[in-house]
Amino acid sequence: MLATLAQAVVNGLLIGGIYALVSIGVTLIFGVVKIVNFAQGEFVMIGMYISFFLASTFGVDPLLSLLISMPSLFAIGVLLQHFLIRRVLALGDMPQIFLTFALSLLLMNIALLLFTANYRTVQTPYSELTFHIGPVYFAVAKLIAFAIAMLLSALLYLFLHGTDLGKAMRAAAQNREVAMLMGINPDRVFCVAVGVALALAGAAGSLLMPFYPAYPLVGQIFVLMAFVAVVLGTLGNITGALIASLMMGVAESLGVQFVGADSGLIVVFVMLLLTLAFRPNGLFGGWAR
């Protein structure tokens, strides 16, 4: 019993690291730019397809493809903010929601048109490799993905707290008008924020490829989990999103292990409903703590 419990917790933590990258991206855009990006999952999908085609065409390991998927998605994020998002920031919530939701539908349908609905996978020497510590088994591909996800999360924390640009992003998130009075260029800050968020989505896609198939609708799963994590962790709180993502991964894994194979999402949404009932502002408070 204890071994089964420990195995479920380990499995949940490992997939929770991937959820964290997606949810941190969502909360970063919301915290800085004040817009909800419903298309974040589709950028995970793009990162997966980038890694798939690099692996199938040039033999590039998905982990190495991070060096291409992250800068590519960062550039797309900057262009997206400059040419689309900034044009609706002053128009209210509904145009912003319609923009990112329409972008999500557009990217999904373009992927269906170009790649069909077929699942695409990448086999690496470590895709099926495992090792064990006592009775608990660790999938090497998932462990590597978790370690890199936590490293990227730590680097983002250091960037936000230890660089002038990161501090400018935090200032803009807390009070945009005062930040502008202090000489901070909001357009530059917003472009970097969206670029970093999409780069994290691209990283999540590349990290998933050794053990998860790519297909046009795959982003919907991860963006759904990301929004739950963002609500649980308090809107705009990056640390909260990280912790909530790990909690969700564990809750989902425990549900699958002890309730039923299809009950993982049910357990996660029960967590969400309980949080909204008793702590409607989320489990944590503040931005980027």
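The values are calculated or read from the model by the stated rules, or taken from the named source; none is laboratory data. Given the structure is predicted, the values throughout are model-derived calculations rather than measurements. Neighbour counts run over all protein chains shown; Cβ positions are idealised from the backbone, glycine included.
Quick notes on this one:
- Residue 154 vs. criteria surrounded by fewer than 17 Cβ atoms within 10 Å (Cβ to Cβ) and under 17 Å from the mean Cα position of the chain (by Cα): yes
- Condition met for residue 266 (free of Cβ contacts under 8 Å to residues at least 40 places away in the same chain and in a helix (DSSP H, G or I)): yes
Residue by residue, here is whether (1) closer than 28 Å to residue 130 by Cα; (2) of a type in the set (Phe, Trp, Tyr); (3) over 17 Å from the mean Cα position of the chain (by Cα) holds:
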{"residue": "149", "(1), (2), (3)": "yes, no, no"}
{"residue": "185", "(1), (2), (3)": "no, no, yes"}
{"residue": "204", "(1), (2), (3)": "yes, no, no"}
{"residue": "219", "(1), (2), (3)": "yes, no, no"}
{"residue": "227", "(1), (2), (3)": "no, yes, no"}
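- From the list 203, 139, 168, the lone residue that is of a type outside the set (Phe, Trp, Tyr), surrounded by 18 or more Cβ atoms within 10 Å (Cβ to Cβ), free of Cβ contacts under 8 Å to residues at least 60 places away in the same chain and over 29 Å from residue 279 (Cβ atoms) is 168.
- If you filter the range 260-277 down to residues that are small (Gly, Ala, Ser) and at pLDDT below 75, you find that the one that is farthest from the chain's Cα centre (by Cα) is 260.
- Meets criteria (under 14 Å from the mean Cα position of the chain (by Cα), surrounded by fewer than 24 Cβ atoms within 10 Å (Cβ to Cβ), within 26 Å of residue 33 (Cα to Cα) and not aliphatic (A, V, I, L, M)) for residue 174: no
- Top-ranked residue of the range 64-112 - restricted to ones that are among the β-branched types (Val, Ile, Thr) and farther than 23 Å from residue 21 by Cα, ranked as surrounded by the most Cβ atoms within 10 Å (Cβ to Cβ): 88
- Restricting the range 177-200 to residues that are exposed (fewer than 13 other Cβ atoms within 10 Å of the Cβ) and of a type in the set (A, V, I, L, M, F, W, C), the residue that is nearest to residue 32 (Cα to Cα): 178
- Within the range 243-259, considering residues that are β-branched (Val, Ile, Thr) and part of a helix (DSSP H, G or I), the one modelled with the lowest pLDDT: 256
- In the range 213-235, the residues that are surrounded by fewer than 24 Cβ atoms within 10 Å (Cβ to Cβ) and assigned to a loop (DSSP other than H, G, I, E, B): 213, 215, 216, 217, 234, 235
- Among the residues making up the range 47-63, those that are in contact with a helix residue (DSSP H, G or I) (Cβ under 8 Å, 6 or more places away or on another chain) and surrounded by fewer than 24 Cβ atoms within 10 Å (Cβ to Cβ) are 49, 54, 60, 61, 63.
- When 280, 210 are checked against the criterion of being surrounded by 24 or more Cβ atoms within 10 Å (Cβ to Cβ), over 16 Å from the mean Cα position of the chain (by Cα) and either at pLDDT 90 or above or in a loop (DSSP other than H, G, I, E, B) (or both), a single residue qualifies: 210.
- Matching option when the condition is out of contact with any strand residue (DSSP E or B) (no Cβ under 8 Å at 6 or more places or on another chain) and in a loop (DSSP other than H, G, I, E, B), among 28, 54, 73, 64: 64
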